[in-house]
Amino acid sequence: MEGVRRQNGPLVVFVTGSVGRLIDADTSDLMRFPFLKLVAPEDLLSVSKFFERLGETTDVLFKTFSLLQRPHVIDGDIVVADEQNTRVVVECLGANVQDGVALLLRKLRSEAPPTMDAMGNYLRPKVHEVDEDGGYMTLSDMISDDPETSDAPEWSRLL
């Protein structure tokens, strides 16, 4: 990872303990950690634009992107290079709040890291561990203008 400079972006200021179901990181280690350093490099640009859109609107926005399963959070830990780091594809609900943005993430699947072609384009693998349709609704299905119908069902695996 020497020589690779990752964009910092907004800092994580609150995270629940369930983050361990998404990525290999401890809640306390993620506090004040740059969120974009958790994002897979092939999705950095689109996630950066997602944050920009969140800052410009009061609407709730949705985005699907990949996180690194083993982000380099703690100095001295074993570093898993981006090229070998499993991707955790998540569905993200984002909203602009008073001091930044709030994100709700739901794991869709895990997949092998993409390869790069001669032109530097990412080629995503066709084989992946599917967690989709695991017996629960999508985030967009759960959110509505009616408070009576916008709560997650009891059996939801939302984080």
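The values are calculated or read from the model by the stated rules, or taken from the named source; none is laboratory data. What you see is a predicted model; the values in this text were computed from it and never measured. Cβ sites come from the backbone with ideal geometry, for glycine too, and all protein chains shown count toward neighbours. Keep in mind that these areas ignore ligands, DNA and RNA; they rest on the heavy atoms of the full protein, side chains included. Shrake-Rupley method; radii C 1.70, N 1.55, O 1.52, S 1.80 Å.
The figures follow:
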| item | result |
| --- | --- |
| Condition met for Arg53 (modelled with pLDDT of 90 or more and either buried (at least 18 other Cβ atoms within 10 Å of the Cβ) or among the aromatic types (Phe, Trp, Tyr) (or both)) | no |
| Top-ranked residue of the range 57-71 - restricted to ones that are in contact (Cβ under 8 Å) with a residue 40 or more places away in the chain and surrounded by fewer than 20 Cβ atoms within 10 Å (Cβ to Cβ), ranked as farthest from Ala112 (Cα to Cα) | Val60 |
| Test result for Thr64, at pLDDT 90 or above and over 10 Å from the mean Cα position of the chain (by Cα) | no |
| Leading residue by the ranking (farthest from Leu30 (Cα to Cα)) among those in the range 48-88 that are acidic (Asp, Glu) and part of a loop (DSSP other than H, G, I, E, B) | Asp59 |
| Scope the range 72-107; condition open to solvent by less than 20 Å² (accessible area, probe 1.4 Å), farther than 17 Å from Thr16 by Cα and either in contact (Cβ under 8 Å) with a residue 40 or more places away in the chain or of a type in the set (Gly, Ala, Ser) (or both); matching residues | Asp82, Asn85, Arg87, Val88 |
| Failed condition for Ser18, given (1) free of Cβ contacts under 8 Å to residues at least 24 places away in the same chain; (2) out of contact with any strand residue (DSSP E or B) (no Cβ under 9 Å at 6 or more places or on another chain) | (1) |
| Verdict on Glu91 being at pLDDT below 80, in a strand (DSSP E or B) and in contact with a Ser or Thr (Cβ under 9 Å, 6 or more places away or on another chain) | no |
| In the range 22-47, the residues that are part of a helix (DSSP H, G or I) and surrounded by 12 or more Cβ atoms within 10 Å (Cβ to Cβ) | Thr27, Asp29, Leu30, Phe35, Leu36, Lys37, Pro41, Glu42, Asp43, Leu44, Ser46, Val47 |
| Matching residues in the range 109-138 - criterion: being modelled with pLDDT of 85 or more, open to solvent by 20 Å² or more (accessible area, probe 1.4 Å) and part of a strand (DSSP E or B) | Arg109 |
| Search result, residues across the range 12-21 that are open to solvent by 30 Å² or more (accessible area, probe 1.4 Å) and part of a helix (DSSP H, G or I) | Gly17, Gly20, Arg21 |
| Among (1) open to solvent by less than 20 Å² (accessible area, probe 1.4 Å); (2) on the phi > 0 side of the Ramachandran plot - the single one Gly9 does not satisfy | (1) |
